[in-house]
1. Any aspartates and glutamates with Cα under 17 Å of the LYS13 Cα? List them, leaving off those in the same chain fewer than 8 positions away.
2. Can you pull the percent of segment 17-165's accessible area that's carbon plus sulfur, 1.4 Å probe, other chains left in place?
3. Using a 10 Å cut-off on Cβ atoms, rank the peptides 69-76, 268-275 from the highest mean neighbour count down.
4. Taking a ≥ b ≥ c as the square roots of the Cα gyration tensor eigenvalues, with a/c under 1.5 meaning rounded and otherwise prolate when a/b beats b/c, else oblate, which class fits segment 1-141?
5. Take every DSSP beta bridge with both residues inside segment 36-157 and express the antiparallel ones as a percent of the total, to the nearest 5.
6. Between ARG139 and residues 5 or more places away or on another chain, which pairs have amide H atoms under 5 Å apart, with H built 1.01 Å from N, and which residues are they?
7. What label, among [x] 19.1, 67; [y] 21.1, 69; [z] 20.5, 64, belongs to Rg and Dmax of the Cα atoms in Å computed from the structure on display?
8. Taking every DSSP beta bridge that has both residues in the chain, what percent is antiparallel when rounded to the nearest 5?
Amino acid sequence: MKYLLSVDGGGTKTEFCISDMQGKMLKSFFVGSSNYKSVGADKVYKHFNQGLEKIKKAFSVGIEDIAYSVWGISGCDSKNDYDIIEEQIVKLGFQRQQMYLCNDGVLAFYAQAYEPGIVIISGTGSIIIGVDKNGNVRRCGGWGYNISDIGSGYWIGNEALKQTLLYCDGCCEYSPLYDKVREYFNGKDFEELPYIITEVVDYYQVAKVASLVVELSKEKEGTAKEILKNGAHILARMTKEMYDKLEFNSSMKLNFVFSGGVLKNPVYEAILKEELDKQLPLINVKFSTQENPPAYGGIKLAQRILDRGDNNET
C-alpha cells in the first residue's frame with residue numbers, strides 16, 4: 001500500500017500527517033521545530049527523523065511506501081534556505097522526485113482552496129503567497145517581524161506601542177487605547193509605562209497587543225481603527241502586486257484565502273476586504289477563511305502534483 005505524507009513545519013512544532021492515496025488523513029504526529037534559523041539544521045534533521053520514526057512504528061511504513069511527500073516549512077524563503085532544508089530531507093532517504101518543498105504558507109492556501117489564487121496570511125507575522133493556474137508559487141512580504149510583516153499581529157501591536165509611547169512623551173492626544181496598553185502591562189501610570197514597554201523582548205507578547213487594537217476598533221475608536229486601516233492598506237497593496245505579477249485578470253475565477261489568527265477576526269477581515277475592493281477587481285474572486293489544518297493542505301497539494309504529473313520539481 002502507498003501513502004502520502006504532509007509535513008507542516010513551524011517555529012515551535014512540526015506536524016507529520018500521513019494519508020492514503022485518496023487523501024484520507026490517517027494520523028498526525030508532532031515533533032519539535034523545523035525552522036533551521038531558530039534551532040539549526042542538525043536539530044531540524046533530528047526532528048524530521050523523529051517524525052518519520054513515529055510513522056514507521058504506527059503503520060510499519062518505510063520511505064519506499066510513500067508515493068509522494070510535501071514539506072511546508074517555516075523560514076523556507078531563499079534558495080539557500082531551500083538547499084539547507086532539502087539536504088536534511090534527502091539525508092532521510094527521500095528521492096528528489098518523491099518530494100515537494102515550499103514555504104509553509106503554501107499549505108495554508110491548499111488547505112482551503114485550489115489554484116489559481118492568493119493566500120493572505122496575518123498571524124504573528126504576515127506574508128502574501130500567490131499560486132497560478134499551473135501551481136507556480138510567488139510571494140510578497142514576510143521578510144521578518146522586525147523589518148517587514150506589515151499588517152500582522154506583531155506589526156499592529158508594535159504600532160500601538162509606538163503611539164502609546166508618543167502619548168507618554170506628550171506628543172499626541174489621548175486615546176482609550178493607551179489605557180488599555182497600560183493595563184495590559186500592569187503599569188501604574190504613563191510615567192512608568194515607557195520603562196516597562198522598552199524592556200519587552202518577546203515578540204509574541206507584542207503581537208498579543210493586537211487583540212486590544214481590534215477590540216477597540218469595534219467601538220470605532222480612532223487610533224485603533226487607523227492602525228488597522230494602515231495595516232490592511234499595505235496588505236491589500238501587496239496583494240495587488242501579487243495579482244499583477246501572476247497576470248491575473250477580472251475574467252479569471254480566483255480563490256482568495258484569509259489565514260492566520262489576526263484575520264480570523266471579522267473586524268480586521270472586513271477592513272481588509274474594503275481595502276482590497278479599492279485596489280482590485282473582485283468580480284470573480286471567491287473569499288474563504290482557512291478552517292482546515294495546513295497539513296491537510298499538504299495532502300491535497302501532493303494529490304494535485306501527482307495528478308499534474310510534475311512531481312519531478314521542488
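1. Output for LYS13: ASP42, GLU53, ASP104.
2. 47
3. Working: 69-76: 25.2, 268-275: 19.4.
Per-residue mean Cβ counts within 10 Å order the peptides as 69-76, 268-275.
4. Oblate shape, in that a/c is at least 1.5 and b/c is the bigger or equal ratio.
5. Values: 10 of 15 bridges.
Here the share of antiparallel DSSP bridges comes out near 65 percent.
6. Result for ARG139 returns GLY130.
7. [y]
8. Details: 23 of 45 bridges.
So the antiparallel bridges amount to about 50 percent of the total.
The values are calculated or read from the model by the stated rules, or taken from the named source; none is laboratory data. If you're wondering where the values come from, they're calculated on a predicted model, not measured in any experiment. Cβ coordinates were reconstructed from backbone atoms using ideal geometry, including for glycine residues, and neighbour counts include every protein chain displayed. With ligands, DNA and RNA removed, areas are computed over all heavy atoms of the protein, side chains included. Shrake-Rupley method; radii C 1.70, N 1.55, O 1.52, S 1.80 Å.
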